[in-house]
1. Tell me which residues, restricted to region 148-179, are closer than 19 Å to Val32 by Cα, among the aliphatic types (A, V, I, L, M) and assigned to a helix (DSSP H, G or I).
2. If I filter region 302-316 for residues that are farther than 23 Å from Ser258 by Cβ and within 22 Å of the chain's Cα centre (by Cα), do I get at least one hit?
3. Look at Leu323 and say whether it is assigned by TED's automatic domain parsing to the domain that holds Leu165 and at pLDDT 95 or above.
4. Within region 129-139, can one find any residue that is closer than 28 Å to Glu16 by Cα, within 16 Å of ligand 2 (Cβ to nearest atom), at pLDDT 95 or above and not aliphatic (A, V, I, L, M)?
5. Among (1) in a helix (DSSP H, G or I); (2) in contact with a Leu (Cβ under 6 Å, 6 or more places away or on another chain), which single condition is Val145 missing?
6. Before we move on, is Leu333 within 16 Å of the chain's Cα centre (by Cα), assigned by TED's automatic domain parsing to the domain that holds Ser86, surrounded by 19 or more Cβ atoms within 10 Å (Cβ to Cβ) and not in a loop (DSSP other than H, G, I, E, B)?
7. Considering only strands (runs of 3 or more DSSP E) fully contained in region 186-238, which possess at least 3 residues that are at positive phi and of a type in the set (A, V, I, L, M)?
8. Tell me whether region 21-32 contains one or more residues that are in the same structural domain as Ala108 (by TED's automatic domain parsing), crowded, with 16+ Cβ neighbours inside 10 Å and under 20 Å from the mean Cα position of the chain (by Cα).
Amino acid sequence: MRTRAAVLRDYGGPIEIAELDLRPPQLGEVLVEIAASGVCHSDLHAVNADLPLPIPLVLGHEGAGVVRAVGPGVMRPRVGDRVVLSWIPACGNCRFCREGAPHLCTTAADATREGRLLTGEAPFSDPSGPVHPFSMTGTLSEFTVVPAAGAIPLPDGVPLQMGALFGCAVMTGVGAALRTAPVRPGDRVAIFGAGGVGLNIVQGARIAGALSIIVLDRVPARLELARTLGATATVNVLDEEPIQAVLDRTAGFGADLSFEAIGSPDTIAQAFNATRRGGTAVIVGVSPPHEEVSLNAFAFPSQEKTLKGSWYGSANGPRDLPLLADLYLTSRLLLAPFVTRTYSLDEVSAALDDLAAGQVGRPLVTMALAQGKESPDGAF
Ligand SMILES: [Zn+2]
Ligand SMILES: [Zn+2]
């Protein structure tokens, strides 16, 4: 079949809205009609070659839609199921999957790096050859083919447009707080960066019962949204020195847990230095692969600090998506404030520009399925 998609052909851009061939789902794969796709900083990183992904590339990895066909051997999901796409469809059989850490699946990491699906080749093509999907998803397309393990049924009651956000920002942010850290009741938490991921760390910390949630950013509107989502204090880093600002708000000790959600050596060092003795700094932001961080070596033994990475919120999608849905349906996880503007597929470049310019919330691209056509269960 044919599908329209946002394609990166050369690092640096531009983004082309192209009509591509999409092959049928093969063994263990499903065809999904996309309803909505968020646009993430990782898409920007791919455009700027700060993420090592092969081109030509169909952008987008934060989407939800409806299964339209399944390949051989697929028991779940079924045709007609509403699904959220995971950008780590775990193989279930590598060492990390077997040890209960499917977010570290090496089979999935290899496939992502090579721009193909778990066991098959890239699903998209044009006359010049294969067109790779971003991390086995490629959600900025009207249709995509993904591994069945990466199409997780979305519980009833959650609109597909909101469900799309679960696919990256929410899973990554809430997961970092609830799974990677984890935040405990009474913790004093500092969060560096109030983008889509940082704001969801705010929500995760609130849900976990953090006593104080200090959010640092340079955009006033983002800090305002952070307060709406649960921040107890906000710091504009253009006005205050960030480490001192955290010390001032934690009785001089530093945060029990600091989260870095920007992906920059400077803010990683700030997060580490704003963590109290015996505390943990969790690095969530994705830095370009060549970046290095400089930290005081003496602080590790003498202050017993821990530095910890968090990838996709240490999430197990089939376990954690129903939890996120329940948190949303009981009004503890807020999603509507993130969607300040929606875009059509033809406006993907504008969405990326707005994201790069520090727009508040999450640019959300909606497709025909979300623009009036009813999905099978009437969620739209
Ligand atoms: Zn992302
Ligand atoms: Zn695996």
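The values are calculated or read from the model by the stated rules, or taken from the named source; none is laboratory data. Please read all numbers here as calculations on a predicted model, not as lab measurements. In this analysis, Cβ positions are derived from the backbone assuming ideal geometry, glycine residues included, and neighbour counts consider all displayed protein chains.
1. Answer for region 148-179, where residues must be closer than 19 Å to Val32 by Cα, among the aliphatic types (A, V, I, L, M) and assigned to a helix (DSSP H, G or I): Ala148, Ala149, Leu160, Met162, Ala164, Leu165.
2. Quick first cut of region 302-316, residues farther than 23 Å from Ser258 by Cβ only: 316.
Still in the running and within 22 Å of the chain's Cα centre (by Cα): 316.
Within region 302-316, one or more residues are farther than 23 Å from Ser258 by Cβ and within 22 Å of the chain's Cα centre (by Cα).
3. So Leu323 fits the description; yes.
4. yes
5. Every condition holds for Val145 apart from (1).
6. Values: within 16 Å of the chain's Cα centre (by Cα): yes; assigned by TED's automatic domain parsing to the domain that holds Ser86: yes; surrounded by 19 or more Cβ atoms within 10 Å (Cβ to Cβ): yes; not in a loop (DSSP other than H, G, I, E, B): no.
Against the criterion (within 16 Å of the chain's Cα centre (by Cα), assigned by TED's automatic domain parsing to the domain that holds Ser86, surrounded by 19 or more Cβ atoms within 10 Å (Cβ to Cβ) and not in a loop (DSSP other than H, G, I, E, B)), Leu333 does not qualify.
7. Filter on region 186-238 gives an empty set.
8. Within region 21-32, one or more residues are in the same structural domain as Ala108 (by TED's automatic domain parsing), crowded, with 16+ Cβ neighbours inside 10 Å and under 20 Å from the mean Cα position of the chain (by Cα).
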